[in-house]
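Visitor: One structure, pasted below without further comment.
Coordinate-derived values only; no laboratory data. Predicted, not measured: the structure shown is a model, and the values here were computed from it. Virtual Cβ from ideal backbone geometry, glycine too; neighbours counted across all protein chains shown.
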Amino acid sequence: METPLKIRIATRKSPLALWQANYVKEQLTAIHSDLTVELLPMVTKGDVLLDSPLSKIGGKGLFVKQLEQAILNNEADIAVHSIKDIPAQFPEGLTLSTICQRDDVRDALISNQYQSLDDLPQGAIIGTSSLRRQCQLRAKYPHLIIKDLRGNVGSRLAKLDDQQYDAIILAAVGLKRLGLQERIKQYITTDLILPAVGQGAVGIETRSNDDTILKLLAPLDDKNSRICIQAERAMNQALQGGCQVPIACYSQLTNDLLTLTGLVGSIDGSKIIKATLTKSATEPETLGQQLASELLAKGADKILEEIID
């Protein structure tokens, strides 16, 4: 196979996005010693429109559309994303070619005063724009005041340090990747707050017919992570979930069995529908679809109709 001299990676300019793109660059150049990898940092609409919750301005797709267009225009060969930011559907001609080995899936509590969610007093202000987190927090901690919080990791921490919030919640993996794990006061268990679809994993998107690039990326794909995330994304797609809907899920692979837990909730936390299924790991997408059907049958359909209407 003739190796191209260069792979161009479209990436957002945020420090976490650049960490992820550089991680993929290092993996690629370690495997293919004669390969040059170039980063093409871009500012997306999601990075600019910070005054409104994502659920009201188009969802997490705002972070990936411009990167995808760069690939379609042949200005870039691949785009590197947090999988939890990737919408269920891909533009024609593009595919999620690679799912890198998954890292920590948990959310984390960051606070300068309190050690855990249980320590937060009546009326404490906690920051997160995630409807998934808001829903589960309101169900378990109705005495807290939840306020929207957008921006990259650094700007969110700065708002906490400026005493605009008593605590904030971020993905643990992002803090770890940026060397900020010492800011974490509590790793929140998945029993307490179920994570986002694909949380903790980096994904690579490319042209579906670009065989040369696909072969170069193949060694970076982690089979077990792919199985888990296929199940989660299938559940989300069957529920037609996006940023506008509080949906959470987490899959765990044990030997040849895959266990998937999913959740749909009302934004105010008054209704939570949760279910778990286990199936052979050879059918991850079927598992995701079946769990979605069970959630809908238990009442998630009514919650989704109310939110989408």
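Visitor: Neighbour counts of other C-beta atoms within 10 Å: give me ARG12, ARG138 arranged from fewest to most.
Guide: Numbers: ARG12 26, ARG138 20.
Ordered by Cβ neighbours within 10 Å, fewest first: ARG138, ARG12.
Visitor: Next question, about the same structure. Pop the C-beta distance of ASP268 and GLU26 into the FRET formula with R0 = 30 Å and round what comes out to the nearest 0.05. Let's see the in-between values first.
Guide: Details: r = 44 Å, r/R0 = 1.46.
Computed FRET efficiency for ASP268 and GLU26: 0.10.
Visitor: Between ASN112 and GLN181, with labels modelled 7 Å along Cα→Cβ, what's the label distance in nm to one decimal, could you check?
Guide: Placing both labels 7 Å beyond Cα along the Cβ direction yields 2.4 nm.
Visitor: Looking at the P(r) of the chain, how many percent of alpha-carbon pairs lie beyond 33 Å? Could the numbers behind the result be given before it?
Guide: Values: 11244 of 47586 pairs.
Percentage above 33 Å: 24.
Visitor: When the gyration tensor of segment 235-308 is built from Cα positions, what are the square roots of 5 times its three eigenvalues, in whole Å, from largest to smallest?
Guide: Values: eigenvalues 108, 23, 19 Å².
Working from the Cα gyration tensor, I get semi-axes of 23, 11, 10 Å.
Visitor: Right, another one. Among ASP77, ASP191, rank each residue by its count of other Cβ atoms within 10 Å, from fewest to most, as a rough exposure measure. Don't skip to the answer; put the middle values down first.
Guide: Working: ASP77 24, ASP191 8.
With the sparsest Cβ surroundings first, the list reads ASP191, ASP77.
Visitor: Using a 10 Å cut-off around each Cβ, can you sort GLU38, GLU232, GLU92 from fewest to most neighbouring Cβ atoms?
Guide: Values: GLU38 11, GLU232 29, GLU92 7.
Sorted ascending by nearby Cβ count, the order is GLU92, GLU38, GLU232.
Visitor: If the reach is capped at under 16 angstrom between alpha carbons, list the aspartates and glutamates near LYS176, excluding any in the same chain fewer than eight residues apart.
Guide: Within the straight-line cut-off, LYS176 pairs with ASP103, ASP104, ASP107.
Visitor: With charges only on Cβ, +1 for K and R and -1 for D and E, what is the dipole size of the chain about its Cα centre, in debye, rounded to 20?
Guide: Details: 34 positive and 37 negative charges, 111 e Å.
About 540 debye.
Visitor: I've got another one for you. Semi-axes, largest first, in whole Å: what does sqrt of 5 times each Cα gyration tensor eigenvalue give for segment 107-188?
Guide: Details: eigenvalues 67, 33, 32 Å².
Working through the eigenvalues yields semi-axes of 18, 13, 13 Å.
Visitor: Excluding residues on the same chain fewer than 8 positions from LYS274, give the lysines whose Cα lies under 23 Å from its Cα.
Guide: LYS84, LYS140, LYS298, LYS302
Visitor: Using the Cα centre of segment 107-188 as origin and beta-carbon charges of +1 (Lys, Arg) and -1 (Asp, Glu), tell me which of GLY151, GLN115, ILE125 is placed farthest towards the positive end of the dipole.
Guide: My answer, from the dipole projection, is GLY151.
Visitor: Could I ask something else about it? How large are Rg and Dmax for segment 143-300 when only the alpha carbon atoms are used, in Å?
Guide: When restricted to Cα atoms, segment 143-300 yields Rg and Dmax of 17.8, 55 Å.
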